[in-house]
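Engineer: My questions all concern the structure below.
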Amino acid sequence: MRHWNKKFEKSLEKEFNRLEAASRDVIPPAAPPGEFENIMAEMERRGIEPRVRKELRKKK
């Protein structure tokens, strides 16, 4: 059983390294101007409070 786990971990490590190398050169596109503000306005319209604000309020 232990041998299988090590073999499986090695294969996962190789796959992770392959994907990491492939994604290094990928540059994610920038969000359209005003996108964040639009999302926040929509959340406010629906009455959704961002989780970070809730967590900050609880700490005070």
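Computed from the coordinates by the stated procedures, all read-outs in this text should not be read as laboratory data. These figures come from a predicted structure and were not determined experimentally. Note that each Cβ is placed from the backbone with ideal geometry, even for glycine, and that neighbours are counted across all protein chains shown.
Engineer: Cβ-Cβ below 9 Å, separation at least six or inter-chain, first residue in the range 20-40 and closer than 21 Å to PRO50 by Cα, second of a type outside the set (A, V, I, L, M) and outside any loop (DSSP other than H, G, I, E, B): which pairs?
Structural biologist: Pairs found: PRO32/ASN38.
Engineer: Looking at the range 20-46 only, could you name the residues that are surrounded by fewer than 10 Cβ atoms within 10 Å (Cβ to Cβ) and not small (Gly, Ala, Ser)? Break it down into steps so the answer makes sense when it comes.
Structural biologist: Keep residues of the range 20-46 that are surrounded by fewer than 10 Cβ atoms within 10 Å (Cβ to Cβ), which gives 20-30, 32-34, 37, 45-46.
Of everything in the range 20-46, those that are surrounded by fewer than 10 Cβ atoms within 10 Å (Cβ to Cβ) and not small (Gly, Ala, Ser) turn out to be GLU20, ARG24, ASP25, VAL26, ILE27, PRO28, PRO29, PRO32, PRO33, GLU37, ARG45, ARG46.
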